[in-house]
Amino acid sequence: KAGVTQTPRYLIKTRGQQVTLSCSPISGHRSVSWYQQTPGQGLQFLFEYFSETQRNKGNFPGRFSGRQFSNSRSEMNVSTLELGDSALYLCASSLVEKHSTDTQYFGPGTRLTVL
Amino acid sequence: DQQVKQNSPSLSVQEGRISILNCDYTNSMFDYFLWYKKYPAEGPTFLISISSIKDKNEDGRFTVFLNKSAKHLSLHIVPSQPGDSAVYFCAASVYNQGGKLIFGQGTELSVKP
């Protein structure tokens with residue numbers, strides 16, 4: 001089975017712009033979660049989508065948003081970029097059903113640099 | 001509020017010896033715990049997990065121990081190999097919030113030949 005894929009792998013933007021990142025989960029996985037990794041804050045949960053609905057949300061401002069499509073692929077969007085948004089953005093997928101816990105498998109990440 | 005803590009930023013071990021990585025948590029609602037290995041600029045790779053109904057889980061060279069009363073878990077790697085050198089993260093989730101993992105800050109393991 002192919003793993004989690006993320007595109008693009010690298011991205012450079014300037015302050016004030018917006019960006020869209022894409023994630024394709026492992027085939028059959030219905031849950032997609034997004035994380036931000038920075039040197040200062042570590043790995044932080046952004047949000048999770050399951051069956052096209054946001055099921056969990058982390059403590060990030062509304063500039064960070066996401067969506068999930070019927071084929072489970074997911075996108076996240078960051079509007080009005082700030083320098084502090086420079087980070088590695090990671091997507092993870094899992095088989096988790098409605099009320100269970102399952103292992104998350106991560107993609108390689110998208111390295112976003114905001115200038 | 002750091003709900004999952006890895007108090008050792010780094011650990012150095014000789015090849016062939018045991019590596020023990022530790023993790024503490026504060027949220028008693030956590031019921032599923034995982035360990036991931038990560039190289040720079042790559043996504044975390046799943047290693048091993050444990051449910052709160054167990055106190056030990058083993059997979060090859062990797063064993064995870066869970067002490068619920070102490071809110072502590074540890075990852076044992078025996079024997080350690082140079083290829084194990086990486087940053088190790090522990091993570092936890094609450095039942096019915098399985099898509100939301102809370103991560104520790106990571107421990108950088110260096111295994112020297």
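The values are calculated or read from the model by the stated rules, or taken from the named source; none is laboratory data. Small disclaimer: the values here were computed from a predicted structure and weren't measured. Cβ coordinates were reconstructed from backbone atoms using ideal geometry, including for glycine residues, and neighbour counts include every protein chain displayed.
Here is how the numbers come out for the structure above:
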item	result
Residues located in region A:70-98, provided they are touching an Asp or Glu at 6+ places or on another chain (Cβ under 7 Å) and loosely packed, with under 13 Cβ neighbours inside 10 Å	A:70
Any chance residue A:105 is within 16 Å of the chain's Cα centre (by Cα) and either facing another protein chain (nearest Cβ under 8 Å) or surrounded by fewer than 16 Cβ atoms within 10 Å (Cβ to Cβ) (or both)	yes
Region B:40-67 residues that are among the hydroxyl-bearing types (Ser, Thr, Tyr), paired with ones that are at pLDDT below 95 and not in a strand (DSSP E or B) (beta carbon under 7 Å, 6 or more apart)	B:49/A:103
Failed condition for residue B:21, given (1) within 11 Å of another protein chain (Cβ to nearest Cβ); (2) surrounded by 15 or more Cβ atoms within 10 Å (Cβ to Cβ)	(1)
Checking residue A:72 against (1) of a type outside the set (A, V, I, L, M); (2) more than 13 Å from chain B (Cβ to nearest Cβ); (3) in contact (Cβ under 8 Å) with a residue 40 or more places away in the chain, the condition it does not meet	(2)
Matching option when the condition is closer than 21 Å to residue A:102 by Cβ and touching a helix residue (DSSP H, G or I) at 6+ places or on another chain (Cβ under 9 Å), among B:68, B:37, B:54	B:37
Any hit, region B:51-70, residues being facing chain A (nearest Cβ under 9 Å) and in contact with a Leu (Cβ under 9 Å, 6 or more places away or on another chain)	yes
Qualifying position, being on the phi > 0 side of the Ramachandran plot and buried (at least 22 other Cβ atoms within 10 Å of the Cβ), among B:99, B:106	B:106
Any chance residue A:90 is under 18 Å from residue B:45 (Cβ atoms) and of a type outside the set (D, E, K, R)	yes
Among (1) closer than 25 Å to residue B:38 by Cα; (2) out of contact with any Leu (no Cβ under 9 Å at 6 or more places or on another chain); (3) without any contact (Cβ under 8 Å) to a residue 12 or more places away in the chain - the single one residue A:103 does not satisfy	(2)
Matching residues, region B:23-49, being within 22 Å of residue A:91 (Cα to Cα), hydrophobic (A, V, I, L, M, F, W, C) and within 12 Å of the chain's Cα centre (by Cα)	B:33, B:34, B:35, B:46, B:47, B:48
Strands (runs of 3 or more DSSP E) fully within region A:63-115 counting 1 or more residues that are closer than 19 Å to residue A:27 by Cα	A:64-68, A:74-78, A:87-94
Residue satisfying condition, being within 12 Å of chain B (Cβ to nearest Cβ), crowded, with 20+ Cβ neighbours inside 10 Å and of a type in the set (Ser, Thr, Tyr), within set A:53, A:110, A:5	A:110
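For every residue, the table says whether it meets (1) over 14 Å from residue B:97 (Cβ atoms); (2) at pLDDT below 95; (3) surrounded by 22 or more Cβ atoms within 10 Å (Cβ to Cβ); (4) within 11 Å of chain B (Cβ to nearest Cβ).
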position	(1), (2), (3), (4)
A:29	yes, yes, no, yes
A:40	yes, yes, no, yes
A:43	yes, yes, yes, yes
A:61	yes, no, no, no
